[in-house]
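First up is the structure itself, then whatever we jot down about it.
The values are calculated or read from the model by the stated rules, or taken from the named source; none is laboratory data. Everything numeric here is computed off the predicted structure, so don't read it as measured data. Don't worry about glycine lacking a Cβ; one is built from the backbone with ideal geometry, like all the others, and counts go over all protein chains shown. Side chains are part of the model used for accessible areas, which takes the heavy atoms of the whole protein and leaves out ligands, DNA and RNA. Shrake-Rupley method; radii C 1.70, N 1.55, O 1.52, S 1.80 Å.
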Amino acid sequence: MSTKAERTTAYIIETVAPVFNKHGYIGTSMSDLTEATNLTKGALYGNFENKEALALSAFEYNRSLLLDAIDEHLDVEGTAMDKIGNLIAFYKKYDVFTMTMGGCPVLNVGIDAQHNNRLLASAAKETIKEIEGKIALALENGVNKGEFKLPVTPLQFAKQLFTIIQGAIAMATLTKDRKYLLNTVTYLEFLIKRELK
């Protein structure tokens, strides 16, 4: 059973995660955080050393939601192609999945933190590597089982696949037009079936 302090810390992280994700590290003020949580600045700093520690915890929270969802979509029964297909289906609705998070945490934090928060930028980069690794593992399992052949290494294919997906997410986010995401991911389904043979 968690203590009151642990519950308060969890509440703060869950509440401020979408605020940081939407407004960025610099763009999020302490008054934004106190308003969102209905807690005082002292209460926030009583649970976190500083704003940077809180921002990092908020990103870690969103990151774990995303990685759990990716694991869930890759852990389905069936072939490696079924697993990749299920992941692609997840990304077709990715904008809906990330809506309550304030958008894609990898994109938002990765771009926002590039020049103002090394720790957050590094955490976003590590998340990208972890996602690519999960996709590569599914692909490698398919190759090892003789389900398909890849034109490049599983990791290289995974990186290209994820780059296309993230590009579609970026365009959909920047234009506020989900067709960029939907059309690109639909085209990816066709490309994957053609390439993985």
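One Cα centroid belongs to segment 172-187, the other to segment 1-63; the line between them spans 31 Å. Reported value for segment 1-137: 115 Å³ per residue, from the convex hull of its C-alpha atoms. Per residue, the accessible area of the chain comes to 55 Å² when a 1.4 Å probe rolls over the protein heavy atoms.
Extension gain for the segment Asp75 to Thr100, taken as residue separation times 0.36 nm less the Cα-Cα distance, is 6.6 nm to one decimal.
Which FRET efficiency value, to the nearest 0.05, do you get for Glu6 and Ile128 by plugging their Cβ-Cβ distance into 1/(1 + (r/R0)^6) with R0 = 22 Å? Given R0 = 22 Å and the Cβ-Cβ separation, E is 0.15. Nonpolar atom fraction for segment 4-75, defined as the carbon and sulfur part of the 1.4 Å probe accessible area, stands at 49 percent.
Among 57-67, 164-174, the peptide with the highest mean count of other Cβ atoms within 10 Å heads the list, and the full ranking is 57-67, 164-174. Note on Asn38 and His23: the model spin-label points, each 7 Å out from Cα along the C-beta direction, lie 1.8 nm apart. When all protein chains stay in place and ligands, DNA and RNA are ignored, the 1.4 Å accessible-area order of Asp82, Asp71, largest first, is Asp82, Asp71. In this Cβ point-charge picture (+1 for Lys and Arg, -1 for Asp and Glu), segment 103-146 has a dipole of about 60 debye about its Cα centre. Using a cutoff of 8 angstrom between alpha carbon atoms and counting only pairs six or more residues apart, the relative contact order for the chain works out to 21 percent.
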